[in-house]
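S.K.: Structure below; questions to follow.
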Amino acid sequence: MKPKSKVLIIAGSDSSGGAGIQADIKTVTCLGSYAMTAVTALTSQNTTGVLSIIPVTPKEISNQIEFTSLDIKPDAIKIGMLHSEEIMKSVLNSLNKIKITKIILDPVMVAKSGTRLIDNKSVKILKSHLIKKVSLITPNIPEAELITKVKIKNVNDMILASKQLLKLGAKNVLLKGGHLRATTLQDVFLNKKEIKIFKKKKINSKNTHGTGCTLSSAIATYYSCGKTLKKSCEMAINYVNLAISTGPNFGKGHGPINHLNTIKINKKFK
Ligand SMILES: Nc1ncnc2c1ncn2[C@@H]1O[C@H](COP(=O)(O)OP(=O)(O)OP(=O)(O)O)[C@@H](O)[C@H]1O
Ligand SMILES: [Mg+2]
């Protein structure tokens, strides 16, 4: 088959392959599209933790975005963690130049462990500029709390926080419910016209490394192929759900999910 669309991913590298740009490339590829990248940082990590991080300079990130897009025009862009004010400004500047309208922002700010990953100045730029530039923002609960200051304890609070994000200029919001203690997980999709709550039974697994990265890349891929944002979210949630439930159980810590769940390998190679 030939790729159905082209997706540019702006995110950091995860050497363990479960999250970050590696998860993004696998997702875009396994869903049938062509992946391009602008690497924002190099991390040395495995399923038990992060050993070191080396940031890429803002100029080099912009070069990757602009020079790549000049030659092969992306149909959609997925943005992952932008860890400093300078990088955010640089990415914004590049986005203004390349004029791609379908942009999914995963505003990575808080790690699974609860650690804050970006400083206050970056949060400020995200709230004042980046949020208005993108088609959809996909915060998890701690990130939505940090941006809106709404304390989230249940799905009503999630709707309230999502409405605050619209007030800040977001066009569409998918607030992910993975962090609420519940047997049913609820992800809230919301814009000025509609609210849709996607419900899934929580899968009891320690191997959920990269669910957020995978979800936003899957949304970007479906959206780049012409699906509506709501439909893209629904299909991406189903893809992540199957990826968690068929996880390969690699590593001693929080292992990866199974991006290959869409792929059928020719019997000759089995
Ligand atoms: N145990 C689980 N069972 C089923 N679905 C899950 C589980 N954990 C997360 N999800 C789903 O995975 C998606 C990502 O949600 P989550 O809240 O984990 O994002 P995140 O915190 O940004 O992830 P990450 O830690 O990778 O950045 C959502 O659709 C969520 O409902
Ligand atoms: Mg996340």
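What follows draws every value from the coordinates through simple rules; no lab data is involved. Remember, predicted model here, so these are calculated numbers, not experimental data. Here the Cβ is made from the backbone with ideal geometry for all residues, glycine too, and neighbour counts use every protein chain on show.
S.K.: For the stretch 111-270, what percent of Cα pairs sit more than 20 Å apart?
M.R.: More than 20 Å apart: 53 percent of the Cα pairs in the stretch 111-270.
S.K.: For Lys201, list the lysines whose Cα falls under 22 Å from its own Cα; do not include residues on the same chain fewer than 8 positions away.
M.R.: Leaving aside lysines fewer than 8 places away in the same chain, those within reach of Lys201 are Lys112, Lys153, Lys176, Lys230, Lys231.
S.K.: How many angstrom lie between the C-alpha centres of the stretch 87-164 and the stretch 221-249?
M.R.: Between the Cα centre of the stretch 87-164 and that of the stretch 221-249, the gap is 20 Å.
S.K.: What does the net charge come to around Lys132 if you take all other residues with beta carbon closer than 13 Å to its beta carbon, with K and R at +1 and D and E at -1?
M.R.: +4
S.K.: Ok, one more. Treat the stretch 18-80 as a sphere of radius equal to its Kirkwood radius over Cα pairs and apply Stokes-Einstein at 25 °C in a medium of 0.890 mPa s; give the translational diffusion coefficient in µm²/s, rounded to a whole number.
M.R.: Result for D is 188 µm²/s.
S.K.: Relative contact order, percent, of the stretch 101-142 when contacts are C-alpha pairs under 8 Å separated by at least 6 residues?
M.R.: It comes to 61 percent, rounded to a whole number.
S.K.: Right, here's the next one. Would you kindly work out the equivalent ellipsoid of the stretch 1-136 from its C-alpha gyration tensor and give its semi-axes, the square roots of five times the eigenvalues, largest first in whole Å?
M.R.: Sorted largest first and rounded, they come to 22, 20, 13 Å.
S.K.: I want to verify a result. In a Gaussian network model of the chain, Cα cutoff 10 Å, which of these has the top mean-square fluctuation: Gly178, Gly49, Gly255?
M.R.: So, out of Gly178, Gly49, Gly255, the one fluctuating most is Gly49.
S.K.: Can you give me the long-range amide H partners of Asn46? Hydrogens built in the peptide plane at 1.01 Å from N, cutoff under 5 Å, separation of 5 or more residues or another chain.
M.R.: Leu51
S.K.: With a 10 Å cut-off between alpha carbons and a GNM built on the chain, which of Pro248, Pro139, Pro107 moves the most?
M.R.: Its mean-square fluctuation being the largest, the pick is Pro248.
S.K.: Evaluate the relative contact order of the chain (contact order divided by residue number), counting alpha-carbon pairs under 8 angstrom at least 6 apart; express in whole percent.
M.R.: 19
S.K.: Follow-up question, since we're still on this one. Given contacts defined as C-alpha pairs under 8 Å and at least six residues apart, what's the relative contact order of the stretch 69-206, whole-number percent?
M.R.: 18
S.K.: What's the extension gain from Lys121 to Val50 if we count 0.36 nm per residue and subtract their Cα-Cα distance?
M.R.: Extending this stretch completely gives an extra 23.2 nm.
S.K.: Taking each pair of different alpha-carbon atoms in the stretch 76-168 once, compute 1/r for the pair, average those values, and report the inverse of that mean as the Kirkwood hydrodynamic radius in Å to one decimal.
M.R.: 13.6
S.K.: So which lysines can Lys26 reach, going by Cα to Cα under 18 Å and dropping same-chain residues fewer than 8 places off?
M.R.: Lys2, Lys4, Lys6, Lys78, Lys264
S.K.: Which of Val173, Val28, Val50 comes first, and how do the rest follow, when ranked by fewest Cβ neighbours within 10 Å?
M.R.: So the ranking, lowest neighbour count to highest, is Val50, Val173, Val28.
S.K.: What does the chain give for Rg and for Dmax, in Å, if only its C-alpha atoms count?
M.R.: Rg, Dmax (Cα atoms, Å): 17.3, 55.
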